[in-house]
Every structure is written in C-alpha cells, then in structure tokens.
Amino acid sequence: MDLSERFTSTCGIASRCINPEDPVLHALAVFEDRLQNAIHVYTAGGPTQTSEVSMTGTQGARVLTVSGPADGPAAAIEGEGSFAVLTATDAAGALTRLEEADCVVVVDDADLDAVGVLEAVRERDTEIPVVVVADDETVASRAVAAGVDEFVPKTTSDAERRLLERLRAALEGAPPLRTDGAARMPIENLGVREELRLKERAIDEAPVGVTIADADRPDEPMVYINDAFERLTGYPKERVVGRNCRFLQGDDSDPEAVAAMREAVDSGSSVSVELLNYRKDGEPFWNRVDIAPVHGADGEVSHFVGFQTDITERKEAEMELKRERRNLEHLLARINGLLKDVTRELVGSERRAEVERGVCDSVAAVDTYEFAWIGVPDRSSDTLAATASAGEWAVRTDDLGVDLAASDLLPAAIAYETGELQVVTDRAELTAIAEQSPWMDAEVVRGIAAVPLVYGETTYGVLSLYTTEEAALNEHERVVLEAIGRAAATALNALERGRMLATDSVRQLDVETTDEGLFFVDLSERTGCSLTYNGSVYREDGSVLMFFRSDGDAAAILDSVERYPHIASAEVIHEHGGETLFEFAVTNDSLPATLAERGVRICEIGVVDGVATIELELPSEGDVRAIADLLSERYPETDIVAQRERERPPSTRQAFVADVEDRLTERQLTALQKAHVSGFYEWDRPVTGDTLAESMGIGRATYHQHLRAAERKLIEAFFER
C-alpha cells in the first residue's frame, strides 16, 4: 500500500474539515502543513512530472547496486549512462566492494533483505549515502531506523525516474527539487533522517490530539496516538493503542454526535462534531473531534485520522452566554408580569391607601416572597409607620414600625434616608435585624430587601420584602424591585397632583422666610427691590418659568442673577408703570418643582427688604409636617406662621363658564362673542374690527377696549382655576 497516497488523501480531506477562521483549530492547519511536507520522505518526489535535475557532482559517480539480476530499478541506473555502476547480489558482496563506491542502492525483494544490507553497510561506513528501493511500507520504517538516506517506492509507475532523482540527491547531499509545484522548505536541507525525525516530533508535540485508527480491523482500533492526546485525555499510549476511542464517551455525551461519527466511519466520509468526553480521572471536557478517511492505493479506506481539540473554555463561555440570555428572558418576563400586576392595581387606585395595599398584595402573591409591607414617615414619632402589609405571616401593623433615629438603622430606615435599594442576605446581619424585629424568624428568613418609593426628590415611603430563598435577591431581581419602587412612587405622585386639582377643600400655609438660599429673598436683600410673584409655568423637562414683578433696577437684577445656580436664565418681559416683569427659568430641583412633586401649589410670593411671605396650597389630606420638614431642611430660616382650611368650589365646566360670565359686562361679553362667531380670531380673518364695531353701534376704538377687557378677564379666570 502506497504511503504517498495515504498521507496525501489524509491531508486533503482533513484540511477541508477544518474551518480556517476558527482560531482554536489554527494549530490543526499548522500540523497538516507539516504532515504534507513529510510526504516527500516517503513518496520520493511526488507526482510524475519531469524535472530538470542538476548533474553537478554526480557525473561519473560510482554507484554500488545490490539487487537481483531482474530488478528494473538497478538496470535503469546502468542504462542512464551518467554513473559508473558496481554490482553485488548480497550483503557480503556489497561489503567487499564498499570502499570502491560513492553511493549504495539496495533493492529489496523476496531473496534480498534490503534493511539487512543497510545495517551491514552502516556497521562498516556510517557516512556513505544509501538509497533503499522497496514495495513494503514496513521496510521504509525499518530503513529509516537503520539510517537510510533516501527511500523510493518500488512498484510505482515512475519508480525508475524517482530512483535517479533520489540517487543524484544522495550524491549531492541535498534533497532533489520538488516536482509537485510546491516551494522547497529550509527543513528539507537537513537530510531525510533529520527531517523525518523533526517532523515526527512536530506531529507528536502538536497542540491537538492526533489519532490514527485501522479501518481494516474489527471495531477500528487506534494504531497511533500523539503526546497531545495523552495530555488531553490522561490515558497513556499502552492503555489506548488497540482500542476504539469510544471509551472517552460517557453518560452525558451527545448521542447525536456519536451517531454522526459512527455514520461517517461506516460510510468512509469525514465529519466534525463537538461532544462531551471524559478524561481518565472522570473529569468531563468538551472535545472538538474531526475525523477524515485515509485511502489506500486501491481507493479503499484503510485508516481514519482523527484530531481532538479541547474546546471546554469556549463551550463553557457559550453555555454561560445562553444561561445569561435565559436569565435575561426570565427577568424580562418577571418584570413584565409583576409590573403588569402592580400597574393594574395602581391604575385602579383612587387613594394612597389603595396604592400601598395593591403593591403589597401583588408582590406577596409571587412565590419568591413570604411577606411585604410599606412604611411611610411619621414625623411625630420619627418612625416609618406601617400603612399596608400582605403575605403568609400574620404580623400586627403596630409591630412593623422602624425607628428613623436609632443608632443602628434597619434596612428600611437606610433605604428611606439614602433613597437607594438595600439588600441583606448575610446570616449574621439577618440575626441582628431579627433581634430588633421580634416578629421575624431569623432561622427562616434568607433575605430582606428594602425598596425606597422615590419620585424626583420625594421619598414617599419604603417597601420591605422578606424571602426564604437563598438566591432570590440576585442582581436581576433587584432590577425588578427598583422598577416596582419607581412605578409605585409615580402612582403616589400622580394621586397627590390629581387630588390637589380635584379636592373640594384645601389647606393653606402661610410661610415666612429670610433664607438666602431662596434666590428671590437674596435678590431683594442685595438690590433693595421688592418682588411680587405672578405665576409659574411647569415645563416638560422639569424646569419652571417663574414670573415676578419688581420695582427695582432691571439691569442690577439681571447682573445679580449669575450668583444663583438654580437660575438657568433671566430676561425682561416688559416694563410699565415703574415696574418690570421678569421671567426666571429655574432648574428642576428648585423650590417650585420640589413642592409640585408633593402636590403643593404656590399661590403668592411677596418679598420686601429680604423678607418673603409665601402662601402655599395643598390637599386637606396632605402631610403638613412633611412639607414643614422639607422647607426647614432645605431653607433653615423658614417658618410656617399660619395654616387654615378652606372650601374650594367644584371646578366644573359649567361653573367656570358661569364665573367668566359674572366677570364680564354685557358689552364685553357681546364684543367677545361677536369676535368669536364671526371668525375674527381666524388666521385669514373674514371680518374687521370696524365691521364688528359698526354692528354694535359703537366706534372702533371703543369696541377694541371692550374686547381687550373681555380677553383679559377670560385669561385671568383660566389661570386662577
């Protein structure tokens, strides 16, 4: 069987099995390249292309041929005419004429053991070039071990040509020119023995496992493994050679991958699979297996070459990515599901108590949590007082309070103070918390989460959750809890704002302040001006436009504005009657924006000589103590000097219209209605003021006086709602 055809077929098929873009398998490509280079050692030159070989140093060389009389290759040397041919028929004859020869050619046959002749020659002369011609692969291996310089397959169609090329190469001391079109490699200058040994070491030391299995023997036993296979699997050569490699498989090996390899072997085709294998010590590893058939001279599969690459790191990274993707999908499903439940409760709630109870019920209904409660600040006792709870544990509301002034704050108190989610899973910390919360069983609880209900700068309370699962409060779960906290706080804020608009009774607070942290107080003190508040416009980005009239110097006021970080810009709207109307754009953390978050409306502000009086309006159910604490914390020089409740008439559409009509005189109402119905306010204005004035029997100037007065009263009524 021709080794040339075997190795050439193996390299071609294996190279097609490997993805060249796969960096893990780059070593296989390197190995195959080396394997292909090794072919010429056994094939003696490759395809049957004719090449010009230099005769320098070989003309007239004395060649000792050791062969039977009928051997064609030996006769070819004599017929070539370039050499002086000496002959011998056995080892003894060869040794007799050895000193006369420059080179020895030994032709193996049934009656002549070429390797025996080679060994005898080497005992006498270790330097003389020796070429062996044989048709048995085992002779090639033995010849290499015995120190042959060149080897030529005997039965190929171009054996005589190859012999002449190898003979000249041996005499010149270098391999012949490559005849297969490939570039010569520097390694080929080493000589056949050194080159072969180097390539053999390269295969043995390749970074991937290499195996060769015999396809002609039952169960395709392995006949060769390299060192990397031993390192990869932990099995020594003596335990592996002679066995089928299925011993690497185990309980978790993919049966589909195993079936694909079996099918490829049965059909004599190539295959690449990835499956879980097991090392000698039982440790599992992910193996990329590439199998390719090796064909003999008759075209039949004689062997299978296999490449094993440890891809455990890549597979684990891929599996981790899949786990993360599944966790993310689970997280999104939980967020969507839980938020949907919470949102459903929030949308249907009309009062704060309903919001708080709905949130607790929704969260406690999830298997993850055994108990949930919401605490809101009670300024009279400086605690978080429970307002709602739900879950499997029966706990009295009075037992759930948390002291905000304690030296060792509980998670709920920390969450309220910092506005950040607090999670506790440490056993020692849980035990310490249980000592301050007698109703809690530290042996059962495995985690506590305290979720602040924060909207803007306002913290409405804290949602506390308790779980008996070790891994429940993971990173993904915390995202869910923070989303719930934001949703609940947004709902509470919307309720407070809506309650301010819809309530029939309101509470008014009269506030007096000299705190220079309020820009209008400091501005009055510095410039000596007085300021009167004329309303605000709340913009979508959270900033607020505040309008003030002032009797001060406009230029001096504008020059002072740069001192105040809360003022983004300031400009003069108009000047009239000794007063200037200013527009101040203040940031979203200013007093108006902060109060608006709590459902508090600024009704009036008057500032004289650095002393401001402010009138605030909030729902009758609003937390006056919380507003007072907010003001005193941010603006220490501030006091609430009075508070009172008053009824506010229902603001219906009919009531608004009636109020406007009461403000207008008959002529003002007529002028406004005529302008509206006649299209006077349309862009193309089909009627003029002169026509409308004539229809009322008054002059044009008088008509416009009535119309302007009506428009002013209508706008006043709108902004006073």
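The values are calculated or read from the model by the stated rules, or taken from the named source; none is laboratory data. Remember, predicted model here, so these are calculated numbers, not experimental data. In this analysis, Cβ positions are derived from the backbone assuming ideal geometry, glycine residues included, and neighbour counts consider all displayed protein chains. Note: accessible area is taken over every heavy atom of the protein model, side chains too, but ligands, DNA and RNA are not part of it. Shrake-Rupley method; radii C 1.70, N 1.55, O 1.52, S 1.80 Å.
Structure above, values below:
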quantity: Loop chymotrypsin sites (Phe, Trp or Tyr not before Pro), the range 545-618, which have at most 11 other Cβ atoms in a 10 Å radius of their Cβ (DSSP); calculated: none
quantity: Pairwise centroid distance, computed over Cα atoms, of the range 411-436 with the range 73-105, Å; calculated: 98
quantity: Accessible surface, per residue, of the range 571-721 when the full set of protein chains is kept, probe 1.4 Å, Å²; calculated: 59
quantity: Distance (nanometres) between label positions extended 7 Å along Cα→Cβ at V241 and S530; calculated: 11.2
quantity: Apportionment of accessible area to carbon and sulfur, the range 476-584, percent (1.4 Å); calculated: 46
quantity: Centroid-to-centroid separation of the range 268-331 and the range 501-576 [C-alpha atoms, Å]; calculated: 74
quantity: Packing rank of 379-387, 262-270, where each peptide gets the mean count of other beta carbons within 10 Å, highest leading; calculated: 379-387, 262-270
quantity: Mean accessible surface per residue for the range 451-495, computed with a 1.4 Å probe while every protein chain stays in place, in Å²; calculated: 36
quantity: Gain in span if fully extended, A432 to A568, counting 0.36 nm per residue against the direct Cα distance; calculated: 44.1 nm
quantity: Qualifying aspartates and glutamates (Cα of each under 13 Å from Cα of K315; at least 8 residues distant if same chain); calculated: E274
quantity: Greater than 24 Å apart at Cα, pairs in K280/K322; K154/K237; K674/K713; calculated: K280/K322; K154/K237
quantity: Computed FRET value (nearest 0.05) for W439 with S381, which takes r as the C-beta separation and R₀ as 22 Å; calculated: 0.75
quantity: Per residue value of the accessible surface for the range 220-326 (all protein chains in place, 1.4 Å probe), Å²; calculated: 51
quantity: Highest average packing first - 551-558, 146-153, Cβ atoms within 10 Å; calculated: 146-153, 551-558
quantity: Two-site FRET efficiency, A84 against D298, from Cβ-Cβ distance with R₀ of 41 Å, rounded to 0.05; calculated: 0.55
quantity: Order by protection proxy (mean Cβ within 10 Å, highest first), peptides 568-577, 592-601, 416-425, 696-705; calculated: 592-601, 416-425, 696-705, 568-577
quantity: Simple label model, 7 Å out from Cα along Cβ direction - H676 to E457, nm; calculated: 4.1
quantity: Within the range 685-712, backbone nitrogen closer than 18 Å to the virtual label 7 Å beyond the Cα of E661 toward Cβ; calculated: 710-711
